[in-house]
Amino acid sequence: MKNFLIRRVLMALMVLLTISFISFVMLKVSGDLAISLAGENAGADYVDFLRKTYGWDRPLYIQYGDWLWNALHGNLGASFYYGKQVMALVAERMPVTLKLGALATGLAIAAAIPMGMAAGIRPGSLVDRIVLFIALLGGATPIFWTSFLLILVLGLNLRWLPITGGTDMQHLIMPALALSFYSMPAIIRIVRSGMVDVMASDYIRTARAKGLRGPAIYFRHALRNTLVPVVAVASVQFGFLLGGSVVVENIFAINGIGYLTWEAINQNDYPVVQASVLTVSAAYVVLTLFADLVNRAIDPRIRLE
Amino acid sequence: MALLEISDLNIEVVTGSGVLHAVRGIDLAVNAGETLCIVGESGCGKSLMALSITGLLPPVARCSATRLAFEGHDIQHLSRRELEDLRGKGIGFIFQDPMTGLNPTMTIGRQLMEVHLRHVGRDREAAKTAAVSFLTRVGIANAATRLRQYPHELSGGLRQRVMIAMALMAHPRLIIADEPTTALDVTIQAQVLSLLKSLQREHGIGLVFITHDLGVVAAIADRVAVMYAGEVVETGDARDVLADPRHPYTRALISCVPSTTPSPAGVSVELGTIPGRVPLLHGRIEGCAFAPRCALVRDRCSTETVPARPAGAVEICRCLFAIEKREFFHA
Ligand SMILES: Nc1ncnc2c1ncn2[C@@H]1O[C@H](COP(=O)(O)OP(=O)(O)OP(=O)(O)O)[C@@H](O)[C@H]1O
Ligand code: SF4
Ligand SMILES: [Mg+2]
């Protein structure tokens, strides 16, 4: 267990290092920051001045080494646009995105498990076909469309929920619903196919031969054995929502990390972009580790590895 | 009244290439305290037959029978709930593969206790005590510690013992064991067999034991039913059938075995290979199903319906020439 954790933390650090390098290089090759920062009408000497000030005239590896050195000391630089420390910005914006992602993933799991189970217990049945249709719908509907629909119905017509301008639970419900509708299909499918496999397994036949009834078989015996891939997929989905909730954060005017990154990219605020990418990757890495730990608790056989 | 009576059991399996008549008109009976062994080559329908007794057939299979009675009540008329009550409590099952037959994410203890909780009583402490006592009875040392273990932490032999204990937990009157020792090595096989046999005697349980292994039959069977291509071709007292088989198929099976004297318990004597192919079970089989492989085949065999009738000491034999015992010797 201890070895496992050490190995995983080392691996996580390697991953973060690689990502930081790739995103650093990609930002550099995406265009000359000095020119775009100086503005279209700036003179050549002002651009040169900016280059010198920020050290962009030095070789790439030195720039990266410099950035890494500072980053290791907890200094990710200041935002060009806000003037604030990047760390402070990220720390401000991250919680609401995390909350949104957790809520959306939670909703998606809560809806997908019963649906996937019902479908997988009787593949080919009417219930199965309805569930598969819902999954198809969820995958095929763009998030902005779901969002607008939610705003129209829940916000404007029924007036149940506020539409924009807040970060409390009430304001997060609609965006979370939109996101969960999007990430639910993958979980439904994996629960369903897991259930189909498990229900055909020998130990379910044993359970039936013992005289156990439906609920005991489905929930006590089958469900747990379908959960390992579900946890893995859900954690990936969660990670994806952290980085990919730009659209939803935009629509519902939520000042999360997605929105921050979006702005930063548009404004060439590259220390912010770099920091956001790193933060989301770090969250991703932590999520995967967490998923592995959960799975070790679900399936005792995993503990051996 | 027999504990289990089966008459004219038919099972069809719907496959991609058509309907398979996997079991065709089986009649069987098992008395309390009696061991009936069912032998036959792979694919002859032994497992399907066993599963159909408590309605555990896979969804692709369907069965019908004129009578399928346990303790005098026809199982076919039971509601789903009554059937669920019967499983485990009236009829216990031991499956072939102890590696996949236990739930990998539940402790042995929970899997044993839930049988008690389901059929015997709601008291968890009593369930635990029962689990420990049954594990001890099937020869598992320090049973209390074993309860907390998961299947993957046990050896194959131990797992099969757990399966046996699980089948016994609710004191069933009939146990159906589908090749329970095939996956085990020989010494453990012998232990498990003698264990089953003594438990069965002790509790007066009826035992249906499916096997490939004539050594096992000789060791434990009171009666034996030989299956071929979905039919029972020969039934009778185990000693009679082994010593003086009347059906050419049974004779072929036994002559494939190195020695015709019954081998001691646990010594593995696998059914040998008989030349020729098992008939396809898709359509109706005209005449005798064994005709294409039978050494004694005559013209009549592939056209006439073969009746099941007594022959010599054997209760039932499905061969046109079974009565003419001398034929065999001159063949
Ligand atoms: N789930 C299934 N789907 C399709 N065909 C099946 C299924 N189960 C059994 N069969 C077919 O039915 C026939 C009888 O199968 P069964 O499992 O009863 O044989 P068996 O006598 O138990 O063989 P073995 O000794 O190998 O266990 C075989 O031809 C098999 O292919
Ligand atoms: S009926 Fe004919 S073919 Fe069938 S077993 Fe008897 S002798 Fe052989
Ligand atoms: Mg079988």
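Just a few scattered comments:
- Leading residue by the ranking (farthest from B:LEU20 (Cα to Cα)) among those in region B:295-328 that are open to solvent by less than 40 Å² (accessible area, probe 1.4 Å), at pLDDT 85 or above and within 7 Å of ligand 2 (Cβ to nearest atom): B:LEU320
- Of all residues in region A:132-149, those being open to solvent by less than 10 Å² (accessible area, probe 1.4 Å) and of a type outside the set (S, T, N, Q) number 2.
- Region B:48-81, residues that are more than 16 Å from ligand 1 (Cβ to nearest atom) and within 18 Å of B:ALA167 (Cα to Cα): B:PHE70
So that you can scan it fast, the table gives a plain yes or no per residue for (1) over 16 Å from the mean Cα position of the chain (by Cα); (2) polar (S, T, N, Q); (3) open to solvent by less than 30 Å² (accessible area, probe 1.4 Å):
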| site | (1), (2), (3) |
| --- | --- |
| B:THR100 | yes, yes, no |
| B:ASN103 | yes, yes, yes |
| B:ILE140 | yes, no, yes |
| B:THR145 | yes, yes, no |
| B:TYR150 | yes, no, no |
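- Near pairs, Cβ below 7 angstrom, 6+ apart or cross-chain, from region A:227-244 (not assigned by TED's automatic domain parsing to the domain that holds A:VAL96) to any residue that is among the β-branched types (Val, Ile, Thr): none
- Of all residues assigned to region A:126-143, at least one qualifies as being part of a helix (DSSP H, G or I) and within 14 Å of chain B (Cβ to nearest Cβ).
- Residue that is crowded, with 24+ Cβ neighbours inside 10 Å, within 13 Å of the chain's Cα centre (by Cα) and under 17 Å from B:ILE6 (Cβ atoms), where the choices are B:VAL208, B:VAL233: B:VAL208
- Restricting attention to region A:173-192, the residues being over 19 Å from A:LEU132 (Cα atoms) and surrounded by 24 or more Cβ atoms within 10 Å (Cβ to Cβ) number 3.
- Of residues in region B:181-199 being within 14 Å of B:THR35 (Cα to Cα) and surrounded by fewer than 19 Cβ atoms within 10 Å (Cβ to Cβ), the one modelled with the lowest pLDDT: B:LEU195
- Check on B:MET106, touching a Phe, Trp or Tyr at 6+ places or on another chain (Cβ under 8 Å) and within 11 Å of chain A (Cβ to nearest Cβ): yes
- Among residues of region A:247-277, those that are of a type in the set (A, V, I, L, M, F, W, C) and open to solvent by 30 Å² or more (accessible area, probe 1.4 Å), counted: 6
- Strands (runs of 3 or more DSSP E) contained entirely in region B:1-111, each with at least 3 residues that are within 15 Å of ligand 3 (Cβ to nearest atom) and touching a residue at least 24 places away in the same chain (Cβ under 8 Å): B:18-30, B:35-39
- Residue among A:LEU17, A:LEU98, A:LEU10, A:LEU50 that alone is exposed (fewer than 11 other Cβ atoms within 10 Å of the Cβ), of a type in the set (A, V, I, L, M) and out of contact with any strand residue (DSSP E or B) (no Cβ under 8 Å at 6 or more places or on another chain): A:LEU10
- Of the residues making up region A:170-222, just one is without any contact (Cβ under 8 Å) to a residue 40 or more places away in the chain and more than 14 Å from chain B (Cβ to nearest Cβ), namely A:GLN170.
- Residue in region B:166-174 that is touching a strand residue (DSSP E or B) at 6+ places or on another chain (Cβ under 6 Å), under 30 Å from B:PHE70 (Cβ atoms), modelled with pLDDT of 90 or more and outside any helix (DSSP H, G or I) present: yes
- The set of residues in region B:112-126 being without any contact (Cβ under 8 Å) to a residue 40 or more places away in the chain and either at the interface with another protein chain (Cβ under 9 Å from one of its Cβ atoms) or not aliphatic (A, V, I, L, M) (or both) consists of B:GLU114, B:GLY121, B:ARG122, B:ASP123, B:ARG124, B:GLU125.
- Among residues that are part of a helix (DSSP H, G or I) and more than 12 Å from every other protein chain (Cβ to nearest Cβ), A:VAL233 is included.
- For region B:41-62, the criterion of being of a type outside the set (S, T, N, Q), away from chain A (no Cβ under 13 Å) and within 16 Å of ligand 2 (Cβ to nearest atom) is met by at least one residue.
- Where A:PRO300 falls short, out of the listed (1) within 14 Å of chain B (Cβ to nearest Cβ); (2) open to solvent by 10 Å² or more (accessible area, probe 1.4 Å): (2)
The values are calculated or read from the model by the stated rules, or taken from the named source; none is laboratory data. Small disclaimer: the values here were computed from a predicted structure and weren't measured. Methodologically, a virtual Cβ is constructed for each residue, glycine included, from the backbone with ideal geometry; neighbour enumeration extends over all protein chains shown. Protein only, heavy atoms only, side chains kept; ligands, DNA and RNA dropped before computing areas. Shrake-Rupley method; radii C 1.70, N 1.55, O 1.52, S 1.80 Å.
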